[in-house]
């Protein structure tokens, strides 16, 4: 399925910076694909021939290492997927899987490169997005290795609340095992810490529903680690 890029309600700021001629070329050289929860959008180890733009939904970015799978990030639409892989290496270096139903626009990589060459503002915005992604990756890496599990899990809950759902009452989009993968700990540790937070009246946990009751305490735990 194709959508009109110019009038797409899910346009990112980078798409809005493209001139009309280039936007028309983009409009003719992309396809939109729907994915169900659990579907693989990008598979590690396969050739990368398209730039992927997440129109709707939530996804997890994950890498299979020598011992186990590592979740790197949870991403919310609208956002690009796989840009570092597309330009840095023709082989996908990580996988992207839908954790809710999602829609993704796939853009031919040569068309995307042409957009960069002919749209200075667009190229600048892409560089800015890549820089922000790298800096965030450094910050997350430092947090995982230097904080204790309580601090890391508090940080995950705050990210869900502030960045993903923009609410202090939400359904956790991933399992406790996946939270453990995200912060380098076990499912048992995640379960224990969530139970502790619940008993301390910092959060309320009912199944997959999480309500943040004391955000200040959660922020202190996240900061102190």
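The values are calculated or read from the model by the stated rules, or taken from the named source; none is laboratory data. Source: prediction; values computed, not measured. Quick reminder, even Gly has a Cβ in these numbers, built from the backbone with ideal geometry, and neighbours come from all protein chains shown.
Here is a yes/no grid of residues against (1) in contact (Cβ under 8 Å) with a residue 60 or more places away in the chain; (2) assigned to a strand (DSSP E or B):
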{"position": "26", "(1), (2)": "yes, no"}
{"position": "33", "(1), (2)": "yes, yes"}
{"position": "41", "(1), (2)": "yes, yes"}
{"position": "110", "(1), (2)": "no, no"}
{"position": "121", "(1), (2)": "yes, no"}
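Against the test of being closer than 21 Å to residue 74 by Cα, outside the structural domain of residue 22 (by TED's automatic domain parsing) and loosely packed, with under 13 Cβ neighbours inside 10 Å, the options 216, 209 yield a single qualifying residue, 209. Is it true that some residue in the range 185-196 is on the phi > 0 side of the Ramachandran plot and modelled with pLDDT of 95 or more? Within the range 185-196, not a single residue is on the phi > 0 side of the Ramachandran plot and modelled with pLDDT of 95 or more. In this structure, is residue 132 out of contact with any strand residue (DSSP E or B) (no Cβ under 7 Å at 6 or more places or on another chain) and closer than 17 Å to residue 75 by Cα? Criteria met by residue 132. State which residue is nearest to the chain's Cα centre (by Cα) when the search covers only the range 176-213 and only residues that are within 22 Å of residue 61 (Cα to Cα) and outside any helix (DSSP H, G or I). The extreme case among them is 184.
When residue 72 is tested against (1) modelled with pLDDT under 85; (2) touching a helix residue (DSSP H, G or I) at 6+ places or on another chain (Cβ under 8 Å), just one condition goes unmet, and that condition is (1).
Residue-by-condition table, conditions (1) at pLDDT 85 or above; (2) surrounded by fewer than 19 Cβ atoms within 10 Å (Cβ to Cβ):
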site: 93; (1), (2): yes, yes
site: 104; (1), (2): yes, no
site: 107; (1), (2): yes, no
site: 117; (1), (2): yes, yes
site: 135; (1), (2): no, yes
